[in-house]
């Protein structure tokens, strides 16, 4: 069976688990927002460990370019299974015993994928996966409990910023993998790696600014004033040749994607406001 099937199965399971947990909860909008935050947090770890430190390699067998293989292999589980695990642990406030069980399952998956030849370690080791998922679960449980606490407003701001990052950065990934859009800076020889690193850190830089605008504006049209920041930035990159398009895609189509992403984020923020509703968390 092709490697990408295994990654797709993990992704489908993660989505199903997240849907189940979120719809069973009374805090649906809070958990939905937390899901996107947890996905981006996992992506941050992958950008550091996979992209910059070359720790392991994914082999889904879908692309000829090795970095595209890594992006596809990472984006499926990290944007679905990892955040689904986060909302599960956070929603039910799992004790250490259950977190150990989850860690054991992830370690088994690590070993299985290596044995199947669809995942390869370089300097990374399986026990590191165990430490990573265990620490991730503990952090997610701790973080979720404090989202409503005004003493931890910085947690809430980081959460909303990361969710905006998810809405603006993640749509770029399928456009990149299908060869429609690239950021070319020349920092890396591989155009896909060049695009991912630049796009990630660029969006990471501007999303906190836009989060302040959106979350502190009382009218929807004031919230939309954050959109020109993305438009102007991408238009400048397009004019100087950093942002490039192919296969029938264009700057106008991408700006439409960004506009839709911002609107969806505004809708989510409207249903779960930035300002805490509780004085202290239990």
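Since every read-out is calculated from the coordinates, none of them should be taken as a lab result. Everything numeric in this text was worked out from a predicted model, so none of it was measured. In this analysis, Cβ positions are derived from the backbone assuming ideal geometry, glycine residues included, and neighbour counts consider all displayed protein chains.
Structure notes:
- Theoretical FRET efficiency, 1/(1+(r/R0)^6), r = Cβ-Cβ of residue 188 and residue 154, R0 30 Å, to 0.05: 0.40
- Nitroxide proxy distance, nm - points 7 Å out along Cα→Cβ at residue 53 and residue 28: 3.9 nm
- Compactness relative to 2.2 N^0.38 Å, alpha carbon Rg of the stretch 1-120: 1.09
- For the stretch 54-97: rounded, prolate or oblate by the Cα gyration tensor [a/c cutoff 1.5]: prolate
- Net length gained if the chain between residue 259 and residue 135 were fully extended (0.36 nm per residue, minus Cα distance): 41.1 nm
- Quotient of Cα Rg and 2.2 N^0.38 Å for the chain, N being how many residues it contains: 1.02
- Were the residues from residue 115 through residue 128 laid out at 0.36 nm apart, the gain over their Cα-Cα distance would be 3.0 nm.
- For the stretch 82-140 versus the stretch 162-187, the gap between their alpha-carbon centres in whole angstrom: 26 Å
- A simple spin-label model places pseudo-atoms 7 Å from Cα toward Cβ; at residue 12 and residue 65 they are separated by 2.8 nm.
- Cα-Cα pairs of the stretch 149-282 separated by more than 18 Å (percent): 56 percent
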